[in-house]
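The values are calculated or read from the model by the stated rules, or taken from the named source; none is laboratory data. Here the structure is a predicted model, which is why all the values come from computation and not from measurement. Cβ sites come from the backbone with ideal geometry, for glycine too, and all protein chains shown count toward neighbours. Only protein heavy atoms, including side chains, enter the accessible area calculation; ligands, DNA and RNA are left aside. Shrake-Rupley method; radii C 1.70, N 1.55, O 1.52, S 1.80 Å.
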There are 2 protein chains.
Amino acid sequence: MEKIYARYTALVATLPASVPFVGPEVQERARHAPFEARLGANENIFGPAPRAVAAMQAAAHEIWMYADSESYDLRSALAAHLGCEMHNIVVGEGIDGLLGYLVRLLVEAGDAVVTSDGAYPTFNYHVAGFGGTLHKVPYAGDAEDLPALIDKAAQVGAKLIYFANPDNPMGSYTRGADIIRALDALPEGCLLILDEAYAEFAPADALPDIAIEDPRIIRMRTFSKAYGMAGARIGYAFGATDMIRSFDKVRNHFGINRAAQAGALAALGDQDWLTQTCEKVSQARADISRIATENALTALPSATNFVAVDCGADGDFARRVLAGLVARNIFVRMPFAAPQDRCIRVSCGRPEDLAAFARALPEALAQARR
Amino acid sequence: MEKIYARYTALVATLPASVPFVGPEVQERARHAPFEARLGANENIFGPAPRAVAAMQAAAHEIWMYADSESYDLRSALAAHLGCEMHNIVVGEGIDGLLGYLVRLLVEAGDAVVTSDGAYPTFNYHVAGFGGTLHKVPYAGDAEDLPALIDKAAQVGAKLIYFANPDNPMGSYTRGADIIRALDALPEGCLLILDEAYAEFAPADALPDIAIEDPRIIRMRTFSKAYGMAGARIGYAFGATDMIRSFDKVRNHFGINRAAQAGALAALGDQDWLTQTCEKVSQARADISRIATENALTALPSATNFVAVDCGADGDFARRVLAGLVARNIFVRMPFAAPQDRCIRVSCGRPEDLAAFARALPEALAQARR
């Protein structure tokens, strides 16, 4: 028998090699064909502000230096932007990276964690990866159901609740005032993660007014979506000082890309560009909705840069529609869980991207109906 | 009493908020003055190949896209470069990120891990962060002592040995043939990490010729050092297929910066630039050695892009020299453990950087002797 040298932990031995999402490049290689429209990952094709691009390009010349381990300039600007102190903010390798750190801080084998059935798979991947037990709560009316999540957390003694607002993949949102009201029922010993990846696209009343030192909640935002920098891998969490400081126990202090730091700082400084982006996204949402209507489908309301389009039947039908779109070189995705999987999810694109989608959709629908 | 919502794991509750290194920007803020020469972090001030810079700049325009989760193009090029298969390679967020993943895969509370006393602190940070117990072996003659590391691992039943070749912070190296010979004594159930961050600077006989599927060893290399891209955060591990595949259980699949991927691919493609860099580094090592001699100090031989300079007395003296250099705007670091802490460690720089060092050193020495 061959000798074994790598003795994995008991937990790791039970984990599958997996990936939360199959990326578009991976699909392109499998299909032996590029996508014509990249509308599946809620990327922001309108891109970062030109001054952010310029900052990243300038930083390419100084990429021989490690980044500032404290992300001082960026945290300083974010503190001014958010109206809090620098020590209330930690910068990380995107929300994905920050979720991984947070789960690691709180969750060990057998700890209960609550999320919505069909919510962010990467969070679930982290929870499984640290041995937590996931408890899933159904959506209510295509929205994440915060009171039900909190009820479940109380029942199972959860350490952590994941709640995205606005929601991905449905695009719905919960009013900030309702979040605050729901928090009254949060049990002791349970922290609420408020994933606000899509916050900048949302109506103002989606964002709760919560004291920064409130120990019940940690909020996460990113430069991946509205700021158009998904490939840069930079986001931030903000909340109570002690909680934020705890990230320094486990985070990769020199893990941020130096050009990403510079780009994020420049992007944050161009709020006019952000406003223009949100207008383009709003127009694209209207266009996706119109395309849906033209095909006798129903576009759901969206507070994000994507639209869930109800294909009017069950998950199997929507999966056939999705396959038909992918076969026609349109990269889209869809919700994983019923009954939300009656929808496909289409990211906002430029007019030419949506025109390609509009061309492919009738054929994909016809094929799915055959 | 205030209610507690964040229930940290038992392990996390025992961890300090810490950072393996104090970064130069952090020091500059504390000093209220910039450094004149940045020679402390073994960064490669000669920078990446112009075509790598160009690739990163071009990628800034497409940074709205997440990176390819499989780093397909880069792994393909690395496989050709190394003479192995793509499935023998995993790309990660620098060696720091890959070390974190590997420790997570193998180490749980109380597991024994072996390293050299005074070797890479970030590895130790990861081991502590996953609850491992570190056993440290002294250097032998300013070199990491692989046979002694393996002996210690056998004694304590270690799962993991960390061994850097060439070594940081001393710059020494072990011949590849000696590594292969030492491996014969590696106990079952113990994996050797061969950290080759400085491999490209080293003489050819430093690199062991080991079968890629050898289950006893995992090797790590980086674009941070010879390729001049520390701020990009991209490195790779290579080894047996099963071991490499296990990273897919825990890694942040979409965690690599897209511009870093493009830059690394371009950098790998310009081996002429790498050769030129190594020549500049070789010249800088000779210059540092000469400056040491002019100050009646001894430069140790180096197979890296830095030189350990023996200050001729004890750690307290070297710390005074270091403080004197920092006070004169020269960023350098030094080994942490005795007796290696009789040295300061000076990274290779341009002629103007080393000239600034040469100006500051006599004053720093004089002050340290007072």
Could you check how many percent of all C-alpha pairs in the stretch A:113-172 are farther apart than 16 Å? 36
Cα shape, the stretch A:1-122, gyration tensor, a/c 1.5 rule: oblate
To the nearest 500 deg cm²/dmol, what mean residue ellipticity at 222 nm is calculated for the protein assembly as shown from DSSP H runs of n ≥ 4 alone, each contributing -39,500 (n - 2.57), summed and divided by the residues? -12500 deg cm²/dmol
Ordered by number, the residues of the stretch B:243-259 with at least 40 Å² less accessible area in the assembly than alone (1.4 Å probe) are B:K249, B:N252, B:H253, B:F254, B:N257
In Å², and per residue, what accessible area does the stretch B:50-269 have when probed at 1.4 Å with the other protein chains present? 29
Once the label point is set 7 Å along the Cα-to-beta-carbon vector, what list of distances in nm do you get between A:Q155 and its counterparts in the other copies? 5.5
Top of A:A206, A:A264, A:A182 by mean-square fluctuation, Gaussian network on chain A, Cα under 10 Å: A:A182
Where in the stretch B:270-354 are there chymotrypsin sites (Phe, Trp or Tyr not before Pro) that are in a DSSP coil and have at most 15 other Cβ atoms within 10 angstrom of their Cβ? B:F336
Pairs on different chains or at least eight residues apart, Cα atoms closer than 21 Å: how many lysine pairs in the protein assembly as shown fit? 12
Dividing the mean separation of Cα pairs under 8 Å (6+ apart) by the residue count of chain B yields a relative contact order in percent of 23
Tell me the trypsin sites (Lys or Arg not before Pro) within the stretch A:137-177 that lie in a loop according to DSSP and have at most 15 other beta-carbon atoms within 10 Å. A:R175
With a cut-off of at most 16 other beta carbons within 10 Å, and DSSP calling the residue loop, which GluC sites (Glu not before Pro) in the stretch B:68-168 qualify? Please list them. B:E85
Measure off, as a whole percent, the carbon and sulfur share of the 1.4 Å-probe accessible area of the stretch A:206-331, all protein chains present. 50
Using a Förster distance of 45 Å, how high is the FRET efficiency between B:R359 and B:A80, based on the Cβ-Cβ distance and rounded to 0.05? 0.50
Inside 10 Å of the C-beta atoms of A:122-131, what's the mean count of C-beta atoms belonging to other chains? 2
Taking A:D242 in one copy and the same position in all the others, each labelled 7 Å out along Cα→Cβ, what are the pairwise distances from the first, in nm, shortest first? 4.5
How many Å² of accessible surface get buried when A and B come together, counting both sides, probe radius 1.4 Å, rounded to the nearest 100? 7500
Is the shape of the stretch A:193-292 rounded, prolate or oblate, going by the alpha carbon gyration tensor and its root eigenvalues a ≥ b ≥ c, with a/c under 1.5 for rounded and a/b larger than b/c for prolate? oblate
Label spacing, shortest first and in nm, from A:P339 to its equivalents in the remaining copies (7 angstrom along Cα→Cβ): 7.9
So, with a 1.4 angstrom probe, what is the percent of accessible area on the stretch A:141-194 that is carbon and sulfur? 47
The size of the Cβ-based charge dipole (Lys, Arg +1; Asp, Glu -1) of chain B about the Cα centre, to the nearest 20 debye, is 1060
Taking square-rooted eigenvalues a ≥ b ≥ c of the alpha carbon gyration tensor, is chain A rounded, prolate or oblate, where a/c under 1.5 means rounded and, failing that, a/b exceeding b/c means prolate? rounded
Between the stretch A:190-259 and the stretch B:20-53, what's the alpha-carbon centroid distance in Å? 27
